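Enquirer: Quick one: this structure, given as structure tokens, is what I'll be asking you about.
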Amino acid sequence: MPVRQADETDYEQQELGRARESVRAGGLDTLSICLLVLTVLAVFYTLYFTSDIVLPFVLAGVLNLLLSAPMRFLTRLHVPKPIGALLLIVALFGVVGGIGAAISVPASGWISKAPESLPALEQKLSFLNGPIRAVENGAKKLQGLMDQTGGSPPRGTRVVAVQQSGTSGLTSVGSSILIGTRAFLGQLFSMLLMLFFLLYEGDSLLRRFVEIMPTWADKRRTVQIASEIERNVSLYLATITVMNLLVGGLNFLQCWLLGLPNPLLWGVVAFLLNYIPIIGPFTGIVVYFVVGVFVFPSVLQALVPPAIYFGIHLMEGETITPLLLAKRFTLNPVLVMASLLFWDWLWGIPGAFLSVPLLAVFKIFCDHVDSLTAIGHIVGGAPKPRTRTLPFKRAAE
């Protein structure tokens, strides 16, 4: 057995021993378990109802991890920190704004002509009418059985339908759009402001936090947690961004070769959806199939773009990305799916994007706290031995 492989095996055995020891030493009575459950529920309840405030800060923190390495590079070039932070934010959102401007026109064109294409879409998918009717009949029968079991509504009960006028309906829709736009712009401004100050003073904030730790061991543990979170999460975000660019480029190429209109739009869609694990690629398959049905004369031809999309995702998601992130970012797939569903329910699409980084941060924190080592072992495999120099080593001095 090679020496490096033997060292990693020994390290994993040590981590497993720590996890078992934490289970033995961490016995909880019923009262402690109940208090822990109530605390967790209270935290999630707070996160749900304060999402407008908390979510921009969390997004800013994740983006800060991604931009921390470029920020240090600019600092080594003697660029003042405020100017460097501002340059990185402008560059990041300049790229996002440029991509949005490039795809906004074709996207609006597809949305505007979608109602006109629905009859043709229904005609091409007419072979699905039989299975859909069968499902509807089964649902009606099941509903009838449930009504018989639960009882019918009391006699004399009337259902009154209130129909609003078209003017009031348009007014309410317009008010909803304005309120939603104002809330989005407010959250975006909060995120940009928080991101600027994290890039500008994030290291000093960590240094101040380390200084109040009572013992040298606590200082060292704090620096290790911060360093590993930054290194692993930034590595994950940078790796999947590069791989998503590759996925988007390959899908742009296949759409161009197959003659799909606006290939840049569908390449960007594939790039964005690949940030959301599991659900994103399946959504992309459906989108590519619908586009193929709109464009191609037969359903068999419409299956070609989603089939190629699935092959590209299979090559990237099952081979290349796991190979690049192996031994550095190992998480239990079951818990990744559970985290995805939970954060998507809690915070919507931004929560789905944050699900894997938040789970990784939780695992790293558990790996460095003795009483939580067992939970960290369940969330994922043992972390790689830390041999690299900590970027925050001055904070512990």
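The values are calculated or read from the model by the stated rules, or taken from the named source; none is laboratory data. Note that the structure is predicted; figures quoted are calculated from it, not measured. Note: ideal-geometry Cβ built from the backbone for every residue, glycine included; neighbour counts use all protein chains shown.
Enquirer: Consider Pro357 carefully, then state whether it is in contact (Cβ under 8 Å) with a residue 40 or more places away in the chain and not hydroxyl-bearing (Ser, Thr, Tyr).
Expert: Numbers: in contact (Cβ under 8 Å) with a residue 40 or more places away in the chain: yes; not hydroxyl-bearing (Ser, Thr, Tyr): yes.
Yes; evaluated as a whole, the condition is true for this residue.
Enquirer: Yes or no: Glu201 assigned to a helix (DSSP H, G or I), in the same structural domain as Val304 (by TED's automatic domain parsing) and among the acidic types (Asp, Glu)?
Expert: So Glu201 does not fit the description; no.
Enquirer: Is it the case, given these coordinates, that Val268 is of a type in the set (A, V, I, L, M, F, W, C) and under 18 Å from the mean Cα position of the chain (by Cα)?
Expert: On the way: of a type in the set (A, V, I, L, M, F, W, C): yes; under 18 Å from the mean Cα position of the chain (by Cα): yes.
For Val268, the condition - of a type in the set (A, V, I, L, M, F, W, C) and under 18 Å from the mean Cα position of the chain (by Cα) - is met.
Every residue, every condition in (1) in contact with a helix residue (DSSP H, G or I) (Cβ under 9 Å, 6 or more places away or on another chain); (2) more than 17 Å from Gly317 (Cβ to Cβ); (3) buried (at least 18 other Cβ atoms within 10 Å of the Cβ); (4) among the hydroxyl-bearing types (Ser, Thr, Tyr), yes or no:
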| position | (1), (2), (3), (4) |
| --- | --- |
| Asn232 | yes, yes, yes, no |
| Val247 | yes, no, yes, no |
| Leu250 | yes, no, yes, no |
| Gly259 | yes, yes, no, no |
| Trp266 | yes, yes, yes, no |
| Ala270 | yes, no, yes, no |
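Enquirer: Does segment 20-42 include one or more residues that are surrounded by 19 or more Cβ atoms within 10 Å (Cβ to Cβ), at pLDDT below 85 and part of a helix (DSSP H, G or I)? Give the steps one after another, and end with the answer.
Expert: Of the residues in segment 20-42, the ones surrounded by 19 or more Cβ atoms within 10 Å (Cβ to Cβ) are 22.
Going one step further and asking which of them are at pLDDT below 85, we end up with 22.
If we keep only those that are part of a helix (DSSP H, G or I) too, we end up with 22.
Yes, some residue in segment 20-42 is surrounded by 19 or more Cβ atoms within 10 Å (Cβ to Cβ), at pLDDT below 85 and part of a helix (DSSP H, G or I).
Enquirer: Name the one entry in Tyr275, Tyr288 that is hydroxyl-bearing (Ser, Thr, Tyr), under 30 Å from Val304 (Cβ atoms), assigned by TED's automatic domain parsing to the domain that holds Leu335 and surrounded by 18 or more Cβ atoms within 10 Å (Cβ to Cβ).
Expert: Testing whether each residue is hydroxyl-bearing (Ser, Thr, Tyr), under 30 Å from Val304 (Cβ atoms), assigned by TED's automatic domain parsing to the domain that holds Leu335 and surrounded by 18 or more Cβ atoms within 10 Å (Cβ to Cβ) leaves just Tyr288.
Enquirer: Please name all residue pairs, on different chains or six or more residues apart, with Cβ atoms under 7 Å, provided the first residue is in segment 360-372 and is surrounded by fewer than 19 Cβ atoms within 10 Å (Cβ to Cβ) and the second residue is not in a helix (DSSP H, G or I).
Expert: So the pair list comes out as Ser371/Gly26.
Enquirer: OK, next. Taking the condition modelled with pLDDT of 90 or more and either farther than 23 Å from Leu341 by Cβ or of a type in the set (Val, Ile, Thr) (or both), does Leu258 pass?
Expert: No, not satisfied.
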